[in-house]
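To keep things clear, I will list the structure first and then write my remarks on it.
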Amino acid sequence: MTSNLTNPMNLNDSLDVLRRETVAAISEASDSETLAAIEAGAVGRESPIAAARRSLGKMAPEERRDAGRLINDVAKELEALVEERREELRADERAAKITAEAIDVTVDYTRLPQGRLHIIQQVMDEVCDIFVGLGYHIAEGPEAELAWYNFDALNTPPDHPGRLESDTMYLDYGKPEDEMLLRAHTSPIQARYMETHEPPVYIVAPGRAYRNDTIDASHLPVFHQIEGLAVDESIEFSDLKGTLAEFARQFFGSTTQVRMRPHFFPFTEPSAELDVSCFNCDGGESSCRVCKGVGWLEMLGCGMVDPNVFTAVGYDPEEVTGFAFGMGVERLAMVRHGIDSIRHFVDNDVRFLNQFPG
Ligand code: PHE
């Protein structure tokens, strides 16, 4: 703005030039800072308008009144325009900010597929939950185990066929105290637990077990078991049967029956196998695809803890009695879900796994 407003002779023209230039600049200002600079340049303290006001004092009184009014009118008009433009710019800036920060809640995002627990883990959790509900604790033990805990502490003699390499996978050879193997069942957890805990004992011990088996529809060299052990002052065989009957009702359904058949395990005496009534046909149909007409399903091994086991772990067999049981988790899952091959559990085919959402 080059107008010289201090010369009264061309005050009118100069104000008009200032006015027109400033009005154009105001309407073109695209942000608040530019506008503030235009305002300062036109009507601020160092502006031509301020200089013109200062020069009023040198004018004759009659000139001064008209010139003063003229200057004030232009100043007021420009200030009003600045204010108006400032409001517009503020609104634009707010709108731009809102647009920039907006989140579109209607846009869908790419959902990552969610994993789920394997059916074997689900069954293990469920069985353990049932026993926790009956007052049992969860115990664990190592998969690479000493022959001592896997066999000797469990009353298994040196010539037992299960100790052969054709049955058990050895990691190292030697005396039972330092001979390492992959545990062939979860029973060594019993022995380890009793060695380090005083009775009474009520535990379930889930975990992996290993046997030198060739894979077929009912065998895997790596599978899962859940061990159970109860030791107290006067535990009887009827407690074993009652406990397993309650477990069977909770796991297979409230009308499930159980029966026991004599069996042999080195670490229990007497020993038994437990069958549950077929939940599919209720024990009656010759065409049943689950029990094949037998009416009963073989479920697990069990028995009263052999006194020799108590002695091996430092318990007095005159003071305590107890029962133990061991069940195959794959078998539980196969029976309950009608799965025809144990291989499905390790094939990792999601079409199989997705049928058990948990
Ligand atoms: N350990 C036995 C097995 O693997 C099962 C079992 C456990 C039997 C506890 C009796 C008592 O077959």
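The values are calculated or read from the model by the stated rules, or taken from the named source; none is laboratory data. These numbers come from a predicted model, not from an experiment. Don't worry about glycine lacking a Cβ; one is built from the backbone with ideal geometry, like all the others, and counts go over all protein chains shown.
Computed values, structure above
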quantity	calculated
When residues of the range 245-271 are limited to those that are of a type in the set (K, R) and assigned to a strand (DSSP E or B), the one farthest from the ligand (Cβ to nearest atom)	R259
Leading residue by the ranking (farthest from the chain's Cα centre (by Cα)) among those in the range 204-221 that are surrounded by 19 or more Cβ atoms within 10 Å (Cβ to Cβ) and within 11 Å of the ligand (Cβ to nearest atom)	A209
3 or more residues hydrophobic (A, V, I, L, M, F, W, C): qualifying strands (runs of 3 or more DSSP E) within the range 140-243	180-182, 201-210, 222-232
Given (1) free of Cβ contacts under 8 Å to residues at least 60 places away in the same chain; (2) outside the structural domain of F252 (by TED's automatic domain parsing); (3) in a helix (DSSP H, G or I), number of the condition P113 does not satisfy	(3)
Residues of the range 222-245 satisfying the condition of being surrounded by fewer than 22 Cβ atoms within 10 Å (Cβ to Cβ) and over 31 Å from the mean Cα position of the chain (by Cα)	D232, E233, S234, I235, E236, F237, S238, D239, K241, G242, T243, A245
Count - residues of the range 280-298 that are among the β-branched types (V, I, T) and closer than 17 Å to I339 by Cα	1
Residue satisfying condition, being at negative phi, in contact (Cβ under 8 Å) with a residue 12 or more places away in the chain and hydrophobic (A, V, I, L, M, F, W, C), within set L181, L164	L181
Cross-chain or 6+ apart pairs with Cβ under 8 Å, the range 293-314 first and not assigned by TED's automatic domain parsing to the domain that holds T186, then surrounded by fewer than 19 Cβ atoms within 10 Å (Cβ to Cβ) and part of a helix (DSSP H, G or I)	none
Test: M304 is touching a strand residue (DSSP E or B) at 6+ places or on another chain (Cβ under 8 Å), within 14 Å of the ligand (Cβ to nearest atom) and at pLDDT below 95	no
Exclusive hit being within 13 Å of the ligand (Cβ to nearest atom), within 19 Å of V290 (Cα to Cα) and either among the hydrophobic types (A, V, I, L, M, F, W, C) or in contact (Cβ under 8 Å) with a residue 12 or more places away in the chain (or both), set L240, L229, L274	L274
Residues within the range 164-202 that are of a type in the set (S, T, Y) and within 16 Å of the ligand (Cβ to nearest atom), tallied	5
Those residues of the range 69-82 which are surrounded by fewer than 13 Cβ atoms within 10 Å (Cβ to Cβ) and under 14 Å from V43 (Cα atoms), in sequence order	N72, D73, K76, A80
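Matching residues to (1) more than 16 Å from the ligand (Cβ to nearest atom); (2) more than 38 Å from the chain's Cα centre (by Cα); (3) surrounded by fewer than 21 Cβ atoms within 10 Å (Cβ to Cβ):
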position	(1), (2), (3)
F279	yes, no, yes
V294	yes, yes, yes
E298	no, no, yes
G314	yes, yes, yes
E319	yes, yes, yes
G326	no, no, no
